[in-house]
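Asks: Before I ask anything, let me first share the structure, which is written out below as structure tokens.
The values are calculated or read from the model by the stated rules, or taken from the named source; none is laboratory data. If you're wondering where the values come from, they're calculated on a predicted model, not measured in any experiment. Every residue, glycine among them, receives a Cβ derived from its backbone with ideal geometry; neighbour counts consider all protein chains shown.
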Amino acid sequence: MTRCPAKIRGDLTKWLLEIDTGVYVGSVSARVRDDLWERITDTIGSGRATMAFSTNGEQKYDFYVWNPEWEPVDFDGIKLIRRKLSTRHEVRSPVARTSGSKPSETTGMNPTRGLFDNTEDHPDYTVIDLETTGLNKSEDEIVEIAALRVRNGVEEKSFQRLIQISRSLPPVAKELTHLSDEDLKERGVNLEHALCEFKIFVGNDLLVGYNIQFDLDFLNEEAMRCGFARIENPTTDAMALARKKPKRADPE
């Protein structure tokens, strides 16, 4: 935190260890964590704060921010950050306190814009994402396939199919995907049909995804079971892009 009022410090040191000025670490419950965050945002005013914590989701972590120098963006369900290009004539409100509200919905930003560092010609690509019953490609099943086609840096068309599976969704999959057995039964399609449509939709595009090899492993495992050719499209992993340290803009 920066410009941290003294009255917050007392609250935080009851639960966390201050390892540097304005930097706190510790292990608390989700309820205590959210209570502390509410106290921070109610008190810090124009100061800045970031809270990072572990979760059970695909990213394995999440974060809250207040008055950030950079912009949180929702990239196909994955929360990433990027530097602001400009703050002139712009009024920004703080990001919602809970991770349930997508930053892209809060700020009206295009979640795919700014994906690549140097996009003078705005490459064409398709963003893909899967939901599965688990992490084992040989035993678990795909329950949802989604894709977003981008042309000249602009979202052109989306694709989404729920898949009928041979068993009930495990509790952890229901929690992470927010899907139910009824959803898959009523709106799901045959996997072979969904894969065929998906392959036609992505064509020979560059495929972009977060930890994309996981998605490709599942897709190709199922493709082989259905007698389809493997997906051999070029790929870019958004995880690697997200870990790159953003370059500071030259001072004007």
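Asks: Kindly provide the set of residues from the stretch 5-54 that are aliphatic (A, V, I, L, M), part of a loop (DSSP other than H, G, I, E, B) and under 13 Å from Val65 (Cα atoms), ordered by number. Break it down into steps so the answer makes sense when it comes.
Replies: Step one: of the stretch 5-54, the residues aliphatic (A, V, I, L, M) are 6, 8, 12, 16-17, 19, 23, 25, 28, 30, 32, 36, 40, 44, 49, 51-52.
Applying the additional criterion that residues be part of a loop (DSSP other than H, G, I, E, B) yields 16, 28, 44.
If the condition is that a residue be aliphatic (A, V, I, L, M), part of a loop (DSSP other than H, G, I, E, B) and under 13 Å from Val65 (Cα atoms), then Ile44 is the only one that fits.
Asks: Hey, another quick one. Of all residues in the stretch 161-207, how many are in contact with a Lys or Arg (Cβ under 6 Å, 6 or more places away or on another chain) and surrounded by fewer than 19 Cβ atoms within 10 Å (Cβ to Cβ)? Break it down stepwise before answering.
Replies: Taking the stretch 161-207 first, the residues in contact with a Lys or Arg (Cβ under 6 Å, 6 or more places away or on another chain) are 162, 189, 194.
Imposing the further condition that a residue be surrounded by fewer than 19 Cβ atoms within 10 Å (Cβ to Cβ) reduces the set to 189.
Going through the stretch 161-207 one residue at a time, the tally reaches 1.
Asks: On to the next question. Select from the stretch 15-41 the residues that are surrounded by fewer than 10 Cβ atoms within 10 Å (Cβ to Cβ) and of a type in the set (D, E, K, R) and write down the one among them that is nearest to the chain's Cα centre (by Cα).
Replies: Looking at the filtered set, the residue picked out is Arg31.
Asks: Looking for whichever is of a type outside the set (Asp, Glu) and either in the same structural domain as Ile142 (by TED's automatic domain parsing) or modelled with pLDDT of 95 or more (or both) here; the options are Pro234, Pro251, Pro246. Which one fits?
Replies: Pro234
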